[in-house]
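The values are calculated or read from the model by the stated rules, or taken from the named source; none is laboratory data. Computed from a predicted structure; not experimentally measured. A quick note on method: Cβ atoms are made from the backbone with ideal geometry, for glycine too, and the neighbour counts reach across all protein chains shown. The accessibility values were calculated without ligands, DNA or RNA, using every heavy atom of the protein model including side chains. Shrake-Rupley method; radii C 1.70, N 1.55, O 1.52, S 1.80 Å.
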Amino acid sequence: MASTSAETQRAELHKSIWKIANDLRGAVDGWDFKAYVLCMLFYRYISEDITRYIDDGEHDAGDEDFSYAAMRDEDAAGAADEIVREKGYFILPSQLFGNVRALGHREAEKNADQLDLNIVLGDTFDAIESSAVGTDSEEDMKGLFADFDPNSKKLGNSVAECNRRLLDLMDGIGDMELGSLEDTDIDAFGDAYEFLMTMYASSAGKSGGEFFTPQEVSRLLMLIAIDDRKSVNKVYDPTCGSGGILLQAAKILGDDGVHKGYFGQEKNLTTYNLCRINMFLHGINFSKFDIELGDTLTDPKHWDEEPFDVIAANPPMSVRWEGSDSATLVDDPRFSVAGALAPKTKADLAFTLHSLAWLAPDGVCAMVEFPGIMYRGGAERTIRKYLIDNDYVDAVIQLPPNLFFGTGIATDILVMRKDKKLTDVLFVDASKEYVKEGANNRLSEENIQYILKLYRGHTNVDHKAQLVSTDNIAANEYNLSPSSYIEPEDTREKIDIKALNAELADIVRREAEQRAVVEKIVADLESGCE
């Protein structure tokens, strides 16, 4: 449970971010504007990070008055190579966030119409990316600011308007109380990033849900995949989006608990850039992550790194892929073993087979799955048969509906292992494990822990969990829907027939007594009238 201090800091941070976003997104659609906000947040982070790194080194050397931000560029340039080797990038003092912001205000005071902040920022971002060219961090830094166009018409119809909005953006980000990792109880930069992503994803609906998995779902996936281990070698997400699932491993284990790093692949260029930014903002050094751009199914980038002992993912639901149209995919060992390829209009099980192929012998894979793949026939049944007959399916967990931005469906988590201790498959119905939050449902920490308890218990629990033999699953057309095996609880009011009959008899008796009283009164009245 987070401390009161942490909760207070987080609440203040979120309030500040909400105000900044509201002030800045008026002229630009919020979903488009996220890249400007997030990239500027990243720019501030790396400026402060490199300043702290250099200043701390000089202070340790005895120069307590040293300030990197106050150095001349020509004096600082000589240390560029050494700093790039350690941090992955280099920023000249004049190009630090705080100095560029101050320059913007000085120029604006002279003549706002001649402010050239757009040119300064463009040159600065180019210089930061160029600093890594020819080094080990080149691929990690390349294109990180590609979605931040300081000359975009989205920022204003004139250069002056564009520059005023850029300066407002720098002020908004610069005034955020982020402190330092040493001075706060929360990961302020990382938390700011995640809050912004959640805010923009919820307002963007479906497009937000395509790249952002709610933190609570990401946490549940990673807790299942880590499987109570204290440390792991490699964490992998084949459809990593903005990296939220991968970073849950760092939150659960600590960065030292992931020995060989974080690996992921993302098809969308913008989201790929956001993922790398997310890694930096959460303090993951470039040497500890390997995020690649491309289609995982047709062009997987991590052949030299597999297998992975932890795989967690939320693949895009029911997307198209080449499938049987590609001779290469037909013979691909990741897919050919199953006896069928996933349908060309529904690639869900292709992601599943890819993940299974790259799973270590003692690893665990937890993936969000579209419910349709659990019961449909044809090629999908053939693939499910392969998974069951080879004893790879450890559990299927039905999640509540309306957890994801832009979709109300109730998804499933498929858990796969290659070293199962029992041949039975555990089915869990967690469809009622949620709390209501606005228009969406959400998993509370209590919900998450209860679902984990059901999964790790691996035993029958009335109306909640059921172990089913592979023979029974085979007899049921290899159906993997939890609702096919777990009897729902009868929530109708139970009626005690004996008690009801006794109550009716008592009513009849009392009615007879009342009738007798009335009849006596009538008789007395009649006799009195005579």
1/(1 + (r/R0)^6) with r = Cβ-Cβ of Glu109 and Lys142, R0 = 22 Å, i.e. FRET efficiency to nearest 0.05, evaluates to 0.05
Extension gain, Asn268 back to Glu513 (0.36 nm per residue minus Cα-Cα distance, nm): 80.0 nm
Starting from the Cα of Ala502, step 7 Å along the direction of its Cβ; do the same at Asp63; then give the gap between the two resulting points in nm. 9.2
Please list Lys494, Lys344 from largest to smallest accessible area, probe radius 1.4 Å, with all protein chains kept in place. Lys494, Lys344
Quote the charge dipole size of the chain about the Cα centre in Debye, to the nearest 20; the model charges only the Cβ of Lys and Arg (+1) and of Asp and Glu (-1). 1740
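Per residue, how many Å² of accessible area does the chain show with a 1.4 Å probe?
Heavy-atom accessible area per residue stands at 47 Å².
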Using θ = phi - 60° and the Karplus curve 6.51 cos²θ - 1.76 cosθ + 1.60, what whole-Hz ³J(HN,Hα) does each residue of segment 266-278 get, with Gly and Pro shown as x? 9, 7, 7, 4, 4, 5, 4, 5, 4, 5, 5, 4, 4
Burial-style ranking of 249-255, 155-161, average other-beta-carbon count within 10 Å with highest first, yields 249-255, 155-161
Sorted by mean Cβ packing within 10 Å, highest first, what order do the peptides 395-401, 294-300 take? 395-401, 294-300
What FRET efficiency comes out for the pair Asp295/Asn472, r = Cβ-Cβ distance, R0 = 41 Å, nearest 0.05? 0.65
Considering only protein heavy atoms, what is the solvent-accessible area of Asp389 at a probe of 1.4 Å, reported in Å² to the nearest 10? 80
Below 8 Å between Cα atoms, with a sequence gap of 6+, how large is the relative contact order for the chain in percent? 11
Which ³J(HN,Hα) values, rounded to whole Hz and listed in residue order, are derived for segment 391-401 from phi using the Karplus coefficients 6.51, -1.76 and 1.60 in 6.51 cos²θ - 1.76 cosθ + 1.60 with θ = phi - 60°, glycine and proline given as x? 6, 9, 7, 8, 7, 10, 10, 7, 8, x, x
Pick out, from Ile448, Ile497, Leu341, the residue whose Cα sits farthest towards the positive end of the charge dipole of the chain, with +1 on the Cβ of Lys and Arg and -1 on the Cβ of Asp and Glu. Ile497
Would you kindly find the accessible area of Glu322, with a 1.4 Å probe and non-protein molecules such as ligands, DNA and RNA excluded, rounding to the nearest 10 Å²? 90
Just need the relative contact order of segment 96-159 here, percent rounded to a whole number, with Cα pairs under 8 Å and 6+ apart. 27
Stokes-Einstein diffusion coefficient of segment 310-419, Kirkwood radius over Cα pairs, 37 °C, 0.692 mPa s, in µm²/s: 231
For segment 81-103 and segment 240-286, write down the distance between their C-alpha centroids in whole Å. 23
Note on segment 435-487: contact order normalised by length, alpha-carbon pairs under 8 Å, 6 or more apart, percent, works out to 23
Centre separation in Å (Cα based) which lies between segment 374-409 and segment 427-506: 18
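For the pair Asp126 and Lys230, what calculated FRET efficiency results from E = 1/(1 + (r/R0)^6), where r is the Cβ-Cβ distance and R0 = 51 Å, to the nearest 0.05?
The calculated FRET efficiency here is 0.75.
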Quickly estimate the mean residue ellipticity at 222 nm for the chain, helices only: each DSSP H run with n ≥ 4 gives -39500 (n - 2.57), and the total goes over all residues, rounded to 500. -15000 deg cm²/dmol
Report the gain in length on full extension from Ile521 to Ser318: 0.36 nm times residue separation, minus Cα-Cα distance, nm rounded to one decimal. 65.1 nm
Whole-percent carbon and sulfur contribution to the accessible surface of segment 372-473 (1.4 Å, no ligands, DNA or RNA) stands at 46
Quick one: helix 348-357 against the long Cα principal axis of the chain, what's the angle to the nearest 10°, folded into 0 to 90? 70
How would Arg456, Arg442 line up by accessible area, probe 1.4 Å, largest first? Arg456, Arg442
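Which percent of the accessible area of segment 208-268 is formed by carbon and sulfur heavy atoms (probe 1.4 angstrom)?
Exposed carbon and sulfur together represent 42 percent of the surface.
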Expected unfolding gain across Ala79-Ile252 under the 0.36 nm per residue rule, minus the alpha-carbon gap, is 58.7 nm
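Could you check how much of the accessible area of segment 33-93 is carbon and sulfur, as a whole percent, using a 1.4 Å probe?
Carbon-and-sulfur percentage of accessible area, whole number: 43.
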Per Stokes-Einstein, at 10 °C and 1.306 mPa s, what whole-number D in µm² s⁻¹ belongs to the chain, with the Kirkwood radius over Cα pairs as the hydrodynamic radius? 60
Leaving ligands and nucleic acids out of the surface, order Asp65, Asp506, Asp325 by accessible area at 1.4 Å, largest first. Asp65, Asp325, Asp506
Among 428-434, 241-247, 348-354, 58-64, how do they line up from the highest to the lowest mean number of other beta-carbon atoms within 10 Å? 241-247, 348-354, 428-434, 58-64
